[in-house]
1. Going residue by residue through region 367-389, is there one that turns out to be out of contact with any Cys (no Cβ under 9 Å at 6 or more places or on another chain) and without any contact (Cβ under 8 Å) to a residue 24 or more places away in the chain?
2. May I ask you to list the residues in region 311-339 that are within 19 Å of LEU87 (Cβ to Cβ), of a type outside the set (D, E, K, R) and more than 15 Å from the ligand (Cβ to nearest atom)?
3. Please count how many residues of region 344-380 are part of a loop (DSSP other than H, G, I, E, B), within 14 Å of GLY317 (Cα to Cα) and open to solvent by less than 20 Å² (accessible area, probe 1.4 Å).
4. Select, from ILE375, ILE368, the only residue that is among the β-branched types (Val, Ile, Thr) and within 15 Å of the ligand (Cβ to nearest atom).
5. What residue, of GLU252, GLU247, is among the acidic types (Asp, Glu), surrounded by fewer than 16 Cβ atoms within 10 Å (Cβ to Cβ) and not in a loop (DSSP other than H, G, I, E, B)?
6. Which condition number does LYS296 fail, the rest of (1) without any contact (Cβ under 8 Å) to a residue 60 or more places away in the chain; (2) surrounded by fewer than 24 Cβ atoms within 10 Å (Cβ to Cβ); (3) charged (D, E, K, R) being met?
7. Of the conditions (1) within 30 Å of ALA222 (Cα to Cα); (2) part of a helix (DSSP H, G or I), THR337 fails just one. Which one is it?
8. For region 73-80, indicate whether the set of residues that are farther than 24 Å from GLY317 by Cα, at pLDDT 95 or above and either in contact with a Gly (Cβ under 6 Å, 6 or more places away or on another chain) or small (Gly, Ala, Ser) (or both) is non-empty.
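The values are calculated or read from the model by the stated rules, or taken from the named source; none is laboratory data. Everything quoted here is computed from the prediction, not taken from an experiment. No Cβ is skipped: glycine too gets one built from the backbone with ideal geometry, and neighbour counts run over all protein chains shown. Surface areas here come from the heavy atoms of the whole protein model, side chains and all, with no ligands, DNA or RNA. Shrake-Rupley method; radii C 1.70, N 1.55, O 1.52, S 1.80 Å.
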Amino acid sequence: MLSSLGNKHLAHSAIRNCTSFFSWISASVVFITIIANSSVSFGQSAIRPPNYDESAVPKYDLPNVLAGKDGKVITAINQWSEHRKYLLELLAENEYGSMPTDLVDIEVEKFDDGPAILQDKEEPGIRRRQFVITLKRNGKFVKIDMLLWTPNGSFEQVNCFVGLNFRGNQSTTDDPKVRLTSSWCDARNPGVVNNHATEASRASQGERWPIREIVRAGYGVATAHYGDIDPDFDDGFENGVHALFPEYRCTETTPERWGAIAAWAWGLSRLVDVLTKTDGISPNGMMVLGHSRLGKTALWAGANDERFKIVISNNSGCGGAALSKRCFGESVARINTSFPHWFNRNFRRFNDREDGMPFDQHQLVAAIAPRPVYISSASKDLWADPLGELLSGYHAAPAYSLFGLSGGLPSNLPAVNQSIGETIGYHLREGEHDLMSSDWQYFIQFAKRHGL
Ligand code: GTR
């Protein structure tokens, strides 16, 4: 199912790419070839088909997470902050793209505050708040709807999970008061007409956001639609929050600049700007989480923004927690072809050249140190390479050891449905690529274990 999802995206992007090279007819021929061979050729070399065979994983060398540009390994905590900067620059330059550092003006309007209505029943213990956050720069603006759930009547500040959603805030709950997103939505999702959500999309991903369980465990949870921040299609890095920084666009001559994942990560930091000033929320209790492409985003946001005290990535796969050099499941060439807008242009240099990458995803996990990080996989999600996701955590451990902390992960997959590790946590949920309330139970236990 996952690989067919990948193929669907591939087919879409193939059609998009092909039409600029060939006539419609030859595009159709290429489309048919893709379905038949599961590999693509646009006059360049074909993309390697995905590998699902552990014995075909190539031998690879990973850079030591404590090694700097000159290969020297750092040994003291006081060298960490410089070193972390190096790791972030390495990943920004070669993969996600650098984010602009200029500030934007932020306006916040709370347009709703009341008790949750879940399954047609008012829940007096759960408070629902909705805000519209306007980001402004140089006469341009972007609006983000943020939905926040917290325990009602609590006088204590609560720690808060923060994560983006795929289909609009209304898709995360059946609460009829949650506003329908008016921004771009993926046309393939249920209840979406002409790339806009309709009422039929309400609660379509409600099981991914078990509000009752999270709030009853004493946490807040904030979410916003990723399409509010940057619509998820290839437009040459121009729309969404990219439009606020036109002079900072990723182009052929500036291939190191931000793609969509970096834009979503930047947007998460803007939510934190607001949440840390919102009453009832502990400014020191921010935890970022995300699933799939938004799991990649959560890792990049958490690595960059130290206000996230815990970072959680669910089924994040290629460009997320999975080691690229293992060449298992989704590859760099495949992801860059299906989603040319997620990463920067420099990342394309590693298409089918993972062995030449001067970095890998364990350095992304390491850049989060010494803050706790949690990686979760699903047993049937081979496209995302569960073992590769675990191994990033395993190989990131020396960064935690520098602080006297144990990562605590083994290098072999554990049995399904058990949470393992120490400062780096992991579980392999039985089942498909998804975010489920059982995953959330492990995230909550991990947060409690680490004092949040
Ligand atoms: C897939 C993509 C994955 C993953 C997933 C998702 O098609 O190949 O990298 O991010 O989408 O975000 O749902």
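1. Residues of region 367-389 out of contact with any Cys (no Cβ under 9 Å at 6 or more places or on another chain): 367-382, 386-387, 389.
Filter again for without any contact (Cβ under 8 Å) to a residue 24 or more places away in the chain, leaving none.
No, region 367-389 contains no residue that is out of contact with any Cys (no Cβ under 9 Å at 6 or more places or on another chain) and without any contact (Cβ under 8 Å) to a residue 24 or more places away in the chain.
2. Hit for region 311-339 is VAL311, nothing else.
3. Residues of region 344-380 that are part of a loop (DSSP other than H, G, I, E, B), as a first pass: 344, 351-353, 357-361, 367-372, 379-380.
Next, from what is left, pick out any that are within 14 Å of GLY317 (Cα to Cα): 360-361, 379-380.
When the remaining residues are screened for being open to solvent by less than 20 Å² (accessible area, probe 1.4 Å), the result is 360-361.
So the answer is 2.
4. Details: ILE368 fails: within 15 Å of the ligand (Cβ to nearest atom).
Within the list ILE375, ILE368, the selection yields ILE375.
5. Working: GLU252 fails: not in a loop (DSSP other than H, G, I, E, B).
Sole residue among the options that is among the acidic types (Asp, Glu), surrounded by fewer than 16 Cβ atoms within 10 Å (Cβ to Cβ) and not in a loop (DSSP other than H, G, I, E, B): GLU247.
6. Answer for LYS296: the failing condition is (2).
7. If we test THR337 against (1) within 30 Å of ALA222 (Cα to Cα); (2) part of a helix (DSSP H, G or I), just (1) comes out false.
8. Taking region 73-80 and keeping what is farther than 24 Å from GLY317 by Cα, we get 73-80.
Remaining after also requiring at pLDDT 95 or above: 73-80.
From what's left, either in contact with a Gly (Cβ under 6 Å, 6 or more places away or on another chain) or small (Gly, Ala, Ser) (or both): 76.
Checked against the condition, which is being farther than 24 Å from GLY317 by Cα, at pLDDT 95 or above and either in contact with a Gly (Cβ under 6 Å, 6 or more places away or on another chain) or small (Gly, Ala, Ser) (or both), region 73-80 yields at least one hit.
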